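Asker: Before we start, here is the structure in question, set down as structure tokens.
The values are calculated or read from the model by the stated rules, or taken from the named source; none is laboratory data. Small disclaimer: the values here were computed from a predicted structure and weren't measured. Glycine gets a Cβ as well: all are built from the backbone with ideal geometry, and neighbour counts include every protein chain shown. Accessible surface is based on the protein model in full, side chains and every heavy atom, while ligands, DNA and RNA are left aside. Shrake-Rupley method; radii C 1.70, N 1.55, O 1.52, S 1.80 Å.
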Amino acid sequence: MRVPSTTRMVYWRSLAALSLVSGCTGTQSALQPAGAGAEQIAQLFWWMGGGAIVIWVAVIGFAIYATQIKSEAHSSRRAHWLIIGGGAIFPTIVLGTLLIFGLQLMPSLSAPAKSEFQVAVSGERWWWRVTYTTPAGDKVRLANEIRLPVGERVEFSLSSPDVIHSFWIPSLGGKVDMIPGRVTRLVLEPTRLGTYRGACAEYCGTSHALMNFHVEVMEPEAFAAWLEGQAAPAQPPQGPIAKRGQQAFMANGCSACHAIRGTPADGTLGPDLTHVGSRLTLGAGILPNDVESFVRWISHPDHIKPGVNMPAFGMLPKDQRTAIATYLDGLK
Ligand code: CUA
């Protein structure tokens, strides 16, 4: 029997789809969960995926049976029952079961947080403004980096000043939109230590694909020490180059947009740089955190992230840009 070309195409597409599943591992995978919410979502996915495969095989089996094996006219009574059974009763049972399964997951996904601190994240163009509120009620401002203690349910308040973004850490939980004029809520409970990757899951403009962040899930003691360190003011510049860098930072107007706690820099338009040298990446998850990347970013941020609000400072002499970079890299 010669397989029709459309059927062959379906086979190849199915094989291609299966090969893509093998790419669903790593630090940004909803199918390799490291959080309570992600585990439930993955479970739902596997049940739905498994069910879809079973139904697909049954439907294709029926089609082959009816067209190739027993291609004769059926009685109108059997056809009638096939339509009622296969077209109404069966889908109602399947969709009803899925609905009940999905609904019973919802309360546990949105159950209240238990942590003593909260995290507010605002989607900016194109980076993430992160504010921790400590148990003492202090606000700790940072950017493009989130750290969480393992085993604690943490509440996130999500917002945006202008366009819609979507906050998603696939390994830890579901995604929630950040909508201008509203504050949305997400509760995450990491269950495994490690570094995971988050991304914006809603097209928000030119550099939508360039707003990422890393999430480090730590032991609770290490997390508490980290948060305490982030709450502290910036370290004074170490060495003559870093000192010149700090002067150049203030003299060239960087402080109008960026804050460095403990210095006169108190701008709020751009990311808080108080401990920028300790972050896992630069430019919202797109550059390694080193002096060379700082120089690149300061010189031509628009080449690295099209549409970025930060102006280019490529006109400054190279030694000044290097000094600023050295100063920022030292802000551990
Ligand atoms: Cu922010 Cu897409």
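Asker: In whole percent, and with a 1.4 Å probe on the protein chains, what portion of the accessible area of segment 198-332 is carbon and sulfur?
Answerer: Ligands and nucleic acids excluded, carbon and sulfur reach 59 percent.
Asker: Hey, rough spin-label estimate for W226 and T268, points 7 angstrom out along Cα→Cβ, what's it come to in nanometres?
Answerer: For W226 paired with T268, the spin-label model returns 2.6 nm.
Asker: Under a 1.4 Å probe, what is the accessible area of the chain per residue, stated in Å²?
Answerer: With the other protein chains kept in place, the chain gives 54 Å² per residue.
Asker: Could you tell me what percent of the accessible area of segment 34-161 is made up of carbon and sulfur, with a 1.4 Å probe and every protein chain present?
Answerer: Carbon with sulfur: 69 percent of the solvent-accessible area.
Asker: Which one of Q238, F117, H303 has its Cα pushed farthest toward the positive end of the charge dipole of the chain, where Lys and Arg give +1 and Asp and Glu give -1 at the Cβ?
Answerer: Ranked along the dipole, the leading option is H303.
Asker: Rounded to the nearest 20 Debye, what is the dipole magnitude of segment 40-129 about its Cα centre when Lys and Arg each give +1 and Asp and Glu each give -1 at the C-beta?
Answerer: Its charge dipole is roughly 140 debye.
Asker: Shifting gears a bit: Measure nothing fancy, just the Cα-based angle from helix 90-109's long axis to the longest principal axis of the chain, in degrees from 0 to 90, nearest 10.
Answerer: 20
Asker: Please report Rg (one decimal) and Dmax (integer) in Å for the Cα set of segment 219-325.
Answerer: 14.1, 45
Asker: Under the Karplus relation 6.51 cos²θ - 1.76 cosθ + 1.60, θ = phi - 60°, what is the ordered set of whole-Hz ³J(HN,Hα) values for segment 49-54, x standing for Gly and Pro?
Answerer: x, x, x, 5, 5, 4
Asker: A further question on this structure: Let me know the Kirkwood hydrodynamic radius for segment 116-207, please, with Cα pairs as the basis and the value in Å to one decimal.
Answerer: One decimal place: 13.5 Å for the Kirkwood radius.
Asker: What is segment 189-240 by shape, rounded, prolate or oblate, if you read a ≥ b ≥ c off the alpha carbon gyration tensor as root eigenvalues and call it rounded for a/c under 1.5, prolate for a/b larger than b/c, and oblate otherwise?
Answerer: Since a/c reaches 1.5 but b/c is at least a/b, the shape of segment 189-240 is classed as oblate.
Asker: Once you charge only the Cβ atoms, +1 for Lys and Arg and -1 for Asp and Glu, what is the size of the charge dipole of the chain about its Cα centre, to the nearest 20 debye?
Answerer: The calculated dipole for the chain is roughly 1000 debye.
Asker: So if I restrict to the alpha-carbon atoms in the chain, what is the Rg, and what is Dmax, the biggest pairwise distance, in Å?
Answerer: My reading of the Cα-based Rg and Dmax gives 26.2, 93 Å.
Asker: Then there's this: What do you get for the angle between helix 318-329 and the principal long axis of the chain? Use alpha-carbon atoms, 0 to 90 degrees, nearest ten.
Answerer: Once rounded, one gets 70 degrees.
Asker: Angle check, please: helix 220-231 long axis (alpha carbons) against the longest principal axis of the chain (alpha carbons), in degrees 0 to 90, nearest 10.
Answerer: 50
Asker: What value, in deg cm²/dmol to 500, does the helix sum -39500 (n - 2.57) over DSSP H runs of n ≥ 4 give at 222 nm once divided by the residues of the chain?
Answerer: After summing the helix terms and dividing by residue count, I get -12000 deg cm²/dmol.
Asker: In what sequence, largest accessible area first, do I304, I241, I286 appear using a 1.4 Å probe?
Answerer: The residues order as I241, I286, I304, largest area first.
Asker: Nearest 20 debye, what's the magnitude of the dipole of segment 237-332 about its Cα centre given +1 on Lys and Arg Cβ and -1 on Asp and Glu Cβ?
Answerer: Taking the Cα centre of segment 237-332 as origin, the dipole is about 120 debye.
Asker: Modelled label-to-label distance, N309 and M106, 7 Å Cα→beta-carbon offset: nm?
Answerer: Here the modelled spin labels are 3.6 nm apart.
Asker: Of T326, V57, M211, which is farthest along the charge dipole of the chain in the positive direction, counting Lys and Arg as +1 and Asp and Glu as -1 at C-beta?
Answerer: Projecting each Cα onto the dipole axis, the largest value belongs to V57.
Asker: Tell me, what HN-Hα J-couplings in whole Hz come from the Karplus equation 6.51 cos²θ - 1.76 cosθ + 1.60 at θ = phi - 60° for each residue of segment 245-262, using x for Gly and Pro?
Answerer: Each residue of segment 245-262 in turn: x, 5, 4, 5, 4, 6, 6, 9, x, 4, 6, 5, 10, 10, 9, 10, 4, x Hz.
Asker: Here is a further query. Considering the dipole of the chain built from charges on the beta carbon (Lys and Arg +1, Asp and Glu -1) around the Cα centre, which of G229, G285, L99 is farthest to its positive end?
Answerer: Positive-end residue among those listed: L99.
Asker: Let me ask something additional. Determine, for each peptide in 139-147, 64-72, 111-119, 322-330, the mean count of other beta carbons within 10 angstrom over its residues, then list the peptides with the highest first.
Answerer: 322-330, 139-147, 111-119, 64-72
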